[in-house]
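Asks: Dumping the structure here so I can ask a few things about it.
The values are calculated or read from the model by the stated rules, or taken from the named source; none is laboratory data. Quick caveat: nothing in here was measured; it's all calculated off a predicted structure. Backbone-built Cβ (ideal geometry, glycine too); neighbour counts: all protein chains shown. Ligands, DNA and RNA are excluded from the accessible area calculation, which covers all protein heavy atoms including side chains. Shrake-Rupley method; radii C 1.70, N 1.55, O 1.52, S 1.80 Å.
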There are 2 protein chains.
Amino acid sequence: MSRKHHHVIGKDIRKVDGRQLVTGAPAFTTDFPEKGMLIGKILGSPEAHARIRSIDTSGARAIPGVHVVLTHENVRGGAPWSEARPDLFPRVAYTRAGQDYVEPSPWDFFLLDSKVRHVGDRVAAVAAESEEIALEALSKIRVEYETLPAVFTPEEAMRPGAPVVHDEPEIVRAEDSARNLCASVDVTLGDPAAGFAEADAIVEEVYRLQRVQHAQMELHAAIARLDNEGRLIVICTTQVPFHTRRQIAQALGLSIGRVRVIKPRIGGGFGGKQEMMIEDLCSALALASGRPVRLELSRYEDMNAARSRHSMAIRLKTGAKKDGMLTAIEMTALVDAGAYGSHSPTVPTNTGNKNLPRYRCRNVRYAFDAYYTNLPPTGAMRGYGTPQGTFALECHMDEVAEKLGMDPVEFRLKATVREGDADELSPHIYEVKKENVPEDERIVWRFNSCGLQDCIRKGADAIGWAEKRRAHDAWNAKNTRIKRGIGMATASQGSGVAGIDTAGATIKLNEDGSVALYVGAVDVGSGGDTVIAQIVAETLGIEVADVTVFASDTDITPFDSGAYASSTTYVSGGAALRAAEEVRAEILGAAAEMLGVPSGELRLEERRIAPEGGKGVSLRDVATFLAYQKKVQVEKTVTHVSPVSPPPFAAQFADLEVDVETGRVRVVDFVTAVDAGTILNPNLAEGQVHGAVSMGIGYALSEELLFDAKGRPRSRGFLDYKILKATGMPRLRTIFVETYEPSGPFGVKAVAEIPTNGPAPAIGNALRQALGVRLRDLPFTPEKVLRAIGKL
Amino acid sequence: MSRKHHHVIGKDIRKVDGRQLVTGAPAFTTDFPEKGMLIGKILGSPEAHARIRSIDTSGARAIPGVHVVLTHENVRGGAPWSEARPDLFPRVAYTRAGQDYVEPSPWDFFLLDSKVRHVGDRVAAVAAESEEIALEALSKIRVEYETLPAVFTPEEAMRPGAPVVHDEPEIVRAEDSARNLCASVDVTLGDPAAGFAEADAIVEEVYRLQRVQHAQMELHAAIARLDNEGRLIVICTTQVPFHTRRQIAQALGLSIGRVRVIKPRIGGGFGGKQEMMIEDLCSALALASGRPVRLELSRYEDMNAARSRHSMAIRLKTGAKKDGMLTAIEMTALVDAGAYGSHSPTVPTNTGNKNLPRYRCRNVRYAFDAYYTNLPPTGAMRGYGTPQGTFALECHMDEVAEKLGMDPVEFRLKATVREGDADELSPHIYEVKKENVPEDERIVWRFNSCGLQDCIRKGADAIGWAEKRRAHDAWNAKNTRIKRGIGMATASQGSGVAGIDTAGATIKLNEDGSVALYVGAVDVGSGGDTVIAQIVAETLGIEVADVTVFASDTDITPFDSGAYASSTTYVSGGAALRAAEEVRAEILGAAAEMLGVPSGELRLEERRIAPEGGKGVSLRDVATFLAYQKKVQVEKTVTHVSPVSPPPFAAQFADLEVDVETGRVRVVDFVTAVDAGTILNPNLAEGQVHGAVSMGIGYALSEELLFDAKGRPRSRGFLDYKILKATGMPRLRTIFVETYEPSGPFGVKAVAEIPTNGPAPAIGNALRQALGVRLRDLPFTPEKVLRAIGKL
């Protein structure tokens, strides 16, 4: 299976949706306005925690051009999914095992409530003839709030007697201090106490991560309308069209068959579009008005009333032998869930289980508690909990190396995993979420592909690790204003969610040998559609131009659980591969009949089927034969779930300068060496690395969502929330350390998230060299830098 | 399999597309204009037969707003389908066996030619900013024609030395008199000469059928555009979206995957939309201009430059015994193919093989010759050649009965087939078309369901045959101006084309138990989508509201050869049934797992799966279990071809009055007793009968396309071409004589065409009683009536 036999795999194939993107053709949700479309707007709460005593909408309704005003008084949620067998629906994923309550989860949403739990929480929604009228209507809604005491940190939320964010009567809490507990996990492998007892050195520190936001270019937007037969059509910018379809149906009490969710091109998601956000309200407005309705968040709303990455405080305690072998690791995280559950029961599992297994250690404990607060809900964001853990663990491991007197690279070459090593932690955490995983899968997963050691070595070579490390020490000894540092971090992630991510693919063979490919997979801009088309083209011996990709329209494509967990190429691509293999078998069978040669002796290459060195037949003729002689519409649908989630690995290196007068950090050079299995499309894969590193550096240096003492957002847009600009980017280099992952199509693993994990700790570790002090709280703003070196 | 067990089969389910049709929502092709759309127009030839010496389009091109002018000089046809294996493509259907030439066929089209062969033949096409500009452009195209001598009847066309309509060099004719021969068939069963020799009576007459037109309400129309990625999207009113897709691709040299054909709601087709008509030119204009283009025929063009029903002269010679047993039938038809092949090689086969097998006779000969003429091409039209044969044969059989001194009803009860009888003729004619039909299928087909005898009896009872027959004779003896007559005819048709019609169906199970149904089948307004949804709902124990039908979009649905030969319910419904059965098996399998009961013991009814009398589980819960626990997207695609084409049967009865002063015929009462197997939706089936009878009466009394001596149309629209109005309709009654056809879904046969066959002969036979003379030429206009009774 070496690359030289591939004709499209490993090639820089141009994006199948490239033409529309570069020509500015209508491609994104708001590019598709409807005739007679109304504009929807949401009234956000000014209070962090309050009960709505009354709402007077008469003033809003009286405005000409206002069609609908929805409040909790005239909107009800939909029916429960299944009264008869609630156990069938995977709420178990969101249930804390052994507890006597059920978490509020994405399945338990309601459109509008009589209580608000964060500033910006939904109070009312209007649909009007124009945005101006809609905004005027919002201003005329009179709401009387009963302000409640609020909690803004997990520390506050866990205090006995703290205000209770979710006091719904159906949520029965076992104990007072758990009233605000959203989710928690506590898993131990081996005997950490014994491990610490045999350690030569123990390091224990706390690392703090701020709340950041996806800052994707395309804001949350949806257009909902009824079609000719009264079906609800929702075009929206989502990573999860099928879940959104189901949730809209549940929320509005419709059959799923009466709802269509269309995902057009997406201007970035990064996890922020990994759950239904505004589609329910937009649909309700369309149903209530009988008119098409567009609902789009403003940047302010997107940033402060949608989702953000969990802030955490992570305590790490590690025991090590002098030679760098680890004896025990204990990691505990305190997590801010914000006002609603969203992904909080699952995101923090990754903080441990996507990071700790990267190090060889038999005695491990990982625990987290996620608490509701009166800040906007935190949710999924690129890395899905992993970047927080990577920052903590990789800074921490540098501290361990330092204590052992080892070079960080040398230490990691010693301490990290390699091919064949076991991952015992992940299955146990996974088990908490999914109790019906087969026993034999629960015990241990192995890394069947692991290029981490090579990543560390090649990345170190590329950045010039040893020389720079020495040179920077020399420079820093001589220079007082500009200090230099080099740092590194290892990283790992997953490829989809093992046993959970579900991808359907359908391939229809046209009578000239071209194919239509239907996947529920969601290309969020990453090029997923293109890579999946490559997998199909490679398997069928055709060109990507012969593959028409239909992606993510719930009316057209088979089910896919969506774009998250770096699953698109690995899981959805796996479905496409299997469907293509089934189509291929039909083609070879027909060719065998035409040629009188057993199909096992036939090869399908370059649109031609032939035995080795023998006379063949064109794919076109075989397809015509199948269509018009055999009279078969060759069309195959496959559903694919991977029982494992093989981690990609990376080593990332930052070379930087700090101006100790201004506190400003400038990353000069950045190297990512990544093992993502086989690289299917180097250009697109490198694009993922660049984007992820850029987000990682922003996370490290400047991004933070801030709130005032009353929970009111202080980050109102890109003037207040600093993402990296092109001018702030270092030299970027990417090294693909290819391995062959047997469970992935053509040996692939994921590449979408992992490169965002390492920049922050690599920078933190470089700052340690540059400044001589350790910073453990992100982001490394000039203020914090100056404070760390005693200049503020 | 009796109806009482069905919950949606046999019910008057409202049409699934009913809401949009009655509310006037955008539903038909021209309801979907595109931004920036140009208007296309075609320049038709004023000459019946001419060579184009030159075309000067400079004047047209100079008009502001004219974007494209296409002529034969700047347009080329596409590449042949398969150079390597032309035998793979079913051109054999259009090849005259044993002849040394290949017929021009729908596969061999070209966009524009340097020769015109009928008035209205395509000369040029323009696309301009408006219809006015496009028409002005047409007027500015200067064409120099070399007028050629023309032929307007088959009799002229077959004369040695006649002008040759198709003198393309690749068409090599064996003999001079065959130069204009388009297609011919000559099949003999048994020994007709011996049969005639043993006959007690022989009748021989010639019957003449005029050329008529579909007169469907919606004109031929198409809108073609390029999408964001340069694919060609064609929305058009077609009965054959997949063939149209292929033909556009071939014509324009595109991959099939680069072409999408969307069939929206259709305002009637009746066979006129059974081939690509203007979609190629519309697409060429869109490609050439880079703009969306709408091309719509005017009523004049639709009536005179599209397709029409074949005019024929049919000679029938029948030998019979005194007791009504037939000893021999010989039927020969001379057929006007018009200027192009279109469906002429196949339509006249039906004239014999859908009619002659209705009578018990061992010695049969059927032959036809179809000749090219310089009139517009004849093509498919409801009945597809059968109505011509039914008129001839049923008038003729009345004449045989009269000669034998038998009552027409009594005679037919004696002479017609019943269940289990063999159809030996059809397979032989079929064999001419399709040489690879298996040997055992060729020999004999049997009527496994035949309610003809019951149709005759029940229809006669309903119309009051015996009493009226006597009463009218008495009336006619007393009254001089208004004469009365009652007549009857039997009829038969097919259900799809055996071994040819190909239907794909895909069913996708949603996670709440609703389903999406994808069929290539084309609902031309008949309710096909609804009936297919009923088949699926019945099979899955759900309601039609739980089935969302996606029909006829080549991007979305599996292949279907299209709506013709009354195939939709029988063939496409058969595909849907099989797909539903596969989905059902998955549901039962999952329910068996959930309930711990073998799936063979489970019943699926009313959205619930349970063992007889036992505890069950809801379909919703099973679907959820499959989607989220088993993680399977249940989606099944099935292709269905029926090896047989079981005929529906009918007996039709007309009671009429003739004003012998004006010659006007008024049908007073009309009864159709029809065996179409199981009736799936009585309301929709009766709608088919009403429409078909209305067309049949118009065919009998008033409709005729006329041309002047130079081949110029004299029927310019509904002022010159008289279709029946509501005020001209008799009392209509329909009796469904249900049988169970084992090869059809739920026992169904076709009902769409058969009722249009009998009205003309029933009226002709009634006129015989009313007037005392026999009219053998359609239509029975006042002029012909008066001439027949010597008053003109």
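Asks: Have a look at the DSSP beta bridges in the protein assembly as shown and tell me what percent are antiparallel, nearest 5.
Replies: Numbers: 199 of 259 bridges.
Beta bridges within the protein assembly as shown, antiparallel portion: roughly 75 percent.
Asks: Which residue of chain B is nearest the rotation axis onto chain A, counting by its Cβ, and what is the distance in whole Å?
Replies: Chain B residue with minimal Cβ-axis distance: B:Ile556, 3.
Asks: Take A:Glu218, A:Glu543 and sort them by solvent-accessible surface of the protein heavy atoms, 1.4 Å probe, largest at the top. Please list the in-between numbers first.
Replies: Details: A:Glu218 25, A:Glu543 75 Å².
These residues rank, largest area first, as A:Glu543, A:Glu218.
Asks: Please report, for B:Pro33, the nm distances (one decimal) from its label point, 7 Å out from Cα along the beta-carbon direction, to the equivalent points in the remaining copies, shortest first.
Replies: 1.7
Asks: Oh, and also: Filter chain B for me: DSSP H helices, axial length by Cα at least 24 angstrom, mean Kyte-Doolittle hydropathy not below -0.5. List them by residue number. Please list the in-between numbers first.
Replies: Values: long enough: B:386-404 (26 Å, -0.28); B:573-595 (31 Å, 0.53); B:682-701 (28 Å, 0.44).
Taking the DSSP H segments of chain B (at least 24 Å long, mean hydropathy at least -0.5), we get B:386-404, B:573-595, B:682-701.
Asks: Moving on. Taking all pairs of different Cα atoms in the range A:438-574, averaging 1/r and flipping that mean, what Kirkwood radius in angstroms comes out? Intermediate values should be presented prior to the final figure.
Replies: Values: mean 1/r = 0.0532 Å⁻¹.
Final number for the Kirkwood radius of the range A:438-574 is 18.8 Å.
Asks: I would also like to ask the following. Highest first, please rank the peptides B:568-581, A:706-719 by the mean number of other Cβ atoms sitting within 10 Å of their residues. All intermediate terms of the calculation are to be shown ahead of the outcome.
Replies: On the way: B:568-581: 27.9, A:706-719: 14.5.
Packing order, densest peptide first, comes out as B:568-581, A:706-719.
Asks: Assuming R0 = 45 Å, what is the FRET efficiency of A:Arg14 and B:Ser54, from their Cβ-Cβ distance, to the nearest 0.05?
Replies: Working: r = 45 Å, r/R0 = 0.99.
About 0.50, to the nearest 0.05.
Asks: Using a 1.4 Å probe, what is the accessible area per residue for the protein assembly as shown, in Å²?
Replies: On the way: 53680 Å² over 1584 residues.
I get 34 Å² per residue for this part.
Asks: Sticking with this structure for a sec: Which pairs break 23 Å Cα to Cα here: B:Lys11/B:Lys354; B:Lys468/B:Lys791; B:Lys273/B:Lys722?
Replies: B:Lys11/B:Lys354; B:Lys468/B:Lys791
Asks: Something else now. Whenever you get a sec, compute what percent of the accessible area on chain A sits on carbon and sulfur atoms (1.4 Å probe). Don't jump to the answer; show the numbers that get you there.
Replies: Values: 13430 of 26850 Å².
Taking all protein chains in place, chain A shows 50 percent carbon and sulfur surface.
Asks: Within a 10 angstrom radius of each residue's Cβ in B:548-560, how many Cβ atoms of other chains show up on average? Whole number is fine. Mind showing how you got there, number by number?
Replies: Values: counts 9, 1, 2, 0, 0, 1, 3, 6, 8, 4, 5, 11, 1.
That works out to 4 on average.
Asks: Rg/Rh for the range A:234-306 to two decimals, with Rh computed the Kirkwood way over all alpha-carbon pairs. Intermediate values should be presented prior to the final figure.
Replies: Details: Rg = 12.0 Å, Rh = 12.7 Å.
For the range A:234-306, the value is 0.95.
Asks: Please give every one of the lysines within straight-line cross-link reach of B:Lys630, meaning a C-alpha to C-alpha distance under 16 Å, and leave out same-chain neighbours fewer than 8 residues apart.
Replies: Hits, sequence-local ones excluded: A:Lys434, B:Lys508.
Asks: Then there's this: Counting helices only, and only those DSSP H runs with n ≥ 4, report the 222 nm mean residue ellipticity of chain A as the sum of -39,500 (n - 2.57) divided by its residues, in deg cm²/dmol to the nearest 500.
Replies: On the way: 21 runs with 216 residues, N = 792.
Rounded to the nearest 500, it is -8000 deg cm²/dmol.
Asks: Please compute the modelled spin-label separation between B:Lys403 and B:Arg470, points set 7 Å along Cα→Cβ, answer in nm with one decimal.
Replies: 2.9 nm
Asks: What order, most packed first, do the peptides B:627-634, B:332-339, A:26-33 have when packing is the mean number of other Cβ atoms within 10 Å of each residue? Before the final figure, lay out each step's value.
Replies: Numbers: B:627-634: 21.9, B:332-339: 25.4, A:26-33: 16.6.
Per-residue mean Cβ counts within 10 Å order the peptides as B:332-339, B:627-634, A:26-33.
Asks: Same structure, new question: Checking an interface number: how much accessible area is buried between B and A, summed over both chains, with a 1.4 Å probe, in Å² rounded to 100?
Replies: Counting both chains, the buried surface is close to 5200 Å².
Asks: Just name one of A:Ile314, A:Ile329, A:Ile248: the one whose Cα is farthest towards the positive end of the charge dipole of chain A (beta-carbon charges, Lys/Arg +1, Asp/Glu -1).
Replies: A:Ile314
Asks: Ok, one more. Determine the residues within the range B:629-652 where the difference in accessible area between the chain on its own and the full set of protein chains amounts to at least 50 Å²; count protein heavy atoms only and use a 1.4 Å probe.
Replies: Those are B:Gln629, B:Lys631, B:Gln633, B:Glu635, B:Thr637, B:Thr639, which lose 50 Å² or more relative to the chain on its own.
Asks: Hey, what's the Kirkwood Rh for the range B:518-610 if you take every pair of different alpha carbons, in angstrom?
Replies: On the way: mean 1/r = 0.0714 Å⁻¹.
Taking every pair of different Cα atoms in the range B:518-610, averaging 1/r and inverting gives 14.0 Å.
Asks: Net charge around B:Gly379, counting only other residues with Cβ within less than 12 Å of its Cβ (Lys, Arg = +1; Asp, Glu = -1)? The partial results should precede the final answer.
Replies: Numbers: positive: B:Arg211, B:Lys273, B:Arg307, B:Arg309, B:Arg382; negative: B:Glu275, B:Asp336.
Here the count lands on +3.
Asks: Label B:Glu612 and A:Met217 with points 7 Å out from Cα along Cα→Cβ: what is the distance between them in nm?
Replies: The modelled label-to-label distance comes out at 6.6 nm.
Asks: Considering only the label points, 7 Å along Cα→Cβ from Cα, what distances in nm to one decimal separate B:Arg14 from the same position in each other copy, shortest first?
Replies: 5.0
Asks: How much of the DSSP beta bridge set in the range B:476-623 is antiparallel, as a percent to the nearest 5? Walk me through the numbers before you get to the answer.
Replies: Numbers: 12 of 17 bridges.
Taking every DSSP beta bridge within the range B:476-623, about 70 percent pair in antiparallel fashion.
Asks: Run a plain Debye calculation on the range B:254-360 (Cα atoms as equal point scatterers, no solvent) and give log10 I(q)/I(0) at q = 0.12, 0.15, 0.20, 0.21 Å⁻¹, rounded to two decimals, same order as the q list.
Replies: Calculated log10 I(q)/I(0) at the listed q: -0.65, -0.84, -1.17, -1.23.
Asks: Any aspartates and glutamates with Cα under 15 Å of the B:Lys749 Cα? List them, leaving off those in the same chain fewer than 8 positions away.
Replies: Cα-Cα hits under 15 Å: B:Glu419, B:Asp501, B:Asp675, B:Glu686, B:Glu738, B:Glu741.
Asks: Report, in whole Å, the centroid distance computed from the Cα atoms of the range B:632-665 and the range B:217-285.
Replies: 27 Å
Asks: Restricting attention to the range A:462-535, which trypsin sites (Lys or Arg not before Pro) occupy a DSSP loop and are surrounded by at most 11 other Cβ atoms within 10 Å? Working shown, then result.
Replies: Working: sites: A:Lys468, A:Arg469, A:Arg470, A:Lys478, A:Arg481, A:Lys483, A:Arg484, A:Lys508; in loops: A:Arg481.
Filter output for the range A:462-535: A:Arg481.
Asks: Then there is this: Can you pull the Rg over Rh of chain B, Cα-only, Kirkwood?
Replies: 0.98
Asks: Which percent, to the nearest 5, of DSSP beta bridges fully inside chain B are antiparallel?
Replies: On the way: 100 of 130 bridges.
Around 75 percent of the beta bridges assigned by DSSP in chain B are antiparallel ones.
Asks: Here is a follow-up. Going by average Cβ neighbours within 10 Å, how do the peptides A:364-376, A:409-421, A:119-131 rank, with the highest at the top?
Replies: On the way: A:364-376: 26.1, A:409-421: 18.7, A:119-131: 23.5.
Most protected by this proxy first, the peptides run A:364-376, A:119-131, A:409-421.
Asks: Once the cut-off is 17 Å, how many percent of the Cα-Cα pairs in the range B:503-546 end up in the long-distance tail? The partial results should precede the final answer.
Replies: Working: 263 of 946 pairs.
Pairs farther apart than 17 Å: 28 percent.
Asks: With a Förster radius of 56 Å, plug the Cβ-Cβ distance of B:Lys710 and A:Lys35 into 1/(1 + (r/R0)^6) and report the FRET value to the nearest 0.05.
Replies: Values: r = 48 Å, r/R0 = 0.86.
Rounded to the nearest 0.05, the efficiency is 0.70.
Asks: Same structure again: What does the copy distance list look like for A:Asp461, label position 7 Å along Cα→Cβ, in nm and ordered from shortest?
Replies: 9.5
Asks: Turning to a different aspect of this structure: Give the average, rounded to an integer, of partner chain Cβ atoms located within 10 angstrom of each Cβ in A:245-257.
Replies: On the way: counts 2, 6, 0, 0, 4, 1, 0, 0, 0, 2, 9, 12, 13.
Rounded to a whole number, the mean comes out at 4.
Asks: With the cut-off at 72 Å, report for the protein assembly as shown the share of all Cα pairs above it, as a whole percent. Numbers along the way, then the final one.
Replies: Details: 217579 of 1253736 pairs.
Beyond 72 Å sits 17 percent of the P(r) for the protein assembly as shown.
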